[in-house]
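A.B. asks: Below you will find the structure I want to go over with you.
Each value in this text was obtained by applying a stated rule to the coordinates, not by laboratory testing. As the structure is a computational prediction, the values presented were derived from the model and not from experiment. Positions of Cβ are generated from backbone atoms using ideal geometry, with glycine treated the same way; all protein chains shown enter the neighbour counts.
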Amino acid sequence: MPTPLPLRIRRPLNHQCLFQRPLTRHFSAKSTQTPNPKAAREQAEKSLGKAPSTLAAEMRENRDGLPNDIGLFPGTFIRLPWRKLPSLFSTPKERLWYEWKYVKTKGSDLYQRLYYKFWFRTGKPRPKLANSTLIPLAKEYHEAMYKAFAKRDEKSLSNLCLDRLHTHFRTLLAGRPKNKHLSWQLLSYLSKPRIVSNRMAPLPIEGFKETGLRQVVVRLHTRQLLTTRTEPRISKKQYKELAWTPDGVQPEEVKDEVEEKEENVVEYVVLQRRMVRGQEEDWLVWGFADETTTEKIREDEEFERLLSKYNAEHPAQESY
């Protein structure tokens, strides 16, 4: 079976975003609620009255506590474009090593998909890989996500994105001035979208058999238009009332500042789907991935070595 995902260590990940602007304000982490001693005491007494086995059973029944974002799967391979690959003439060993890693990963990914379809879940019907629907879905989610962010539509973002990516967008929205309005438009696809990675991995969690994740990375090469409209900080009426000129000439009309930015963008959109006890959930946007360089391969291998060493020195107490 595919290697289960390690849950005790996760590398920090930086989600990419088309709208990369410095944050000017963050949500406060300080709680504004007043503690209720009576409610806390009642809750403690209620919990203490239950047997440990009962509490454990309740935790196993609560799927909301399951992780839905544990990062990009280790070993996800996004092949470099030809112009960025190591040269066959100047660095042939580096190139052949890179191509071997790519072929090896593709074979592993195929095995993971076959295992997911035929052996991961008992009984029928078997889960459908539905590869033909993934590219249209990625295109739909990609466009809907950016339009929702431009319109400050947090509800749509929460329905499209996993928790951590949604939080990232909320932080960006918090830093956007109220008088700044964005409009995002996808003008065209400059090349055919394609799947560059299609993987799955079981989640080794006690009480949750047939539970795992699928991640699909879709390459989108598009031409995009971002329009920024900035309103004046005072209204036109206020400006006319406050403005004064010695000759008594009426001040010019205050206008919005409009800026348009059009560019070609290559993005690797990561979609993720969770299966819990054999039941598949909806696809959501995990975030964005980067192309796999030789340096990244070596970093991943070093991380896996350190992870294996840590797990050997700190064996898990849980039984899966």
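A.B. asks: When the distances between all Cα atoms of the range 63-156 are binned every 10 Å from zero, what whole-number percent does each bin get?
C.D. replies: Reading upward from the zero bin: 12, 22, 34, 23, 9, 1.
A.B. asks: Calculate the spin-label point distance for Leu114 paired with Leu129, positioning each point 7 Å from the Cα along the beta-carbon direction, and give it in nanometres.
C.D. replies: Here the modelled spin labels are 1.0 nm apart.
A.B. asks: Now for a separate question. Can you tell me the length gained on complete extension of the stretch Arg164 to His221, counting 0.36 nm per residue apart and subtracting the Cα distance?
C.D. replies: 18.1 nm
A.B. asks: Take the Cβ-Cβ distance between Leu187 and Arg152 as r, set R0 to 30 Å, and report the resulting FRET efficiency rounded to the nearest 0.05.
C.D. replies: 0.85
A.B. asks: Moving on. State, to one decimal in nm, how far the label point of Asn179 lies from the label point of Ser308, with both points 7 Å from Cα in the Cβ direction.
C.D. replies: In this crude spin-label approximation the distance works out to 5.9 nm.
A.B. asks: Quickly rank 273-285, 255-267 as a protection proxy: mean count of other C-beta atoms within 10 Å, highest first.
C.D. replies: Put in order of decreasing packing, that is 273-285, 255-267.
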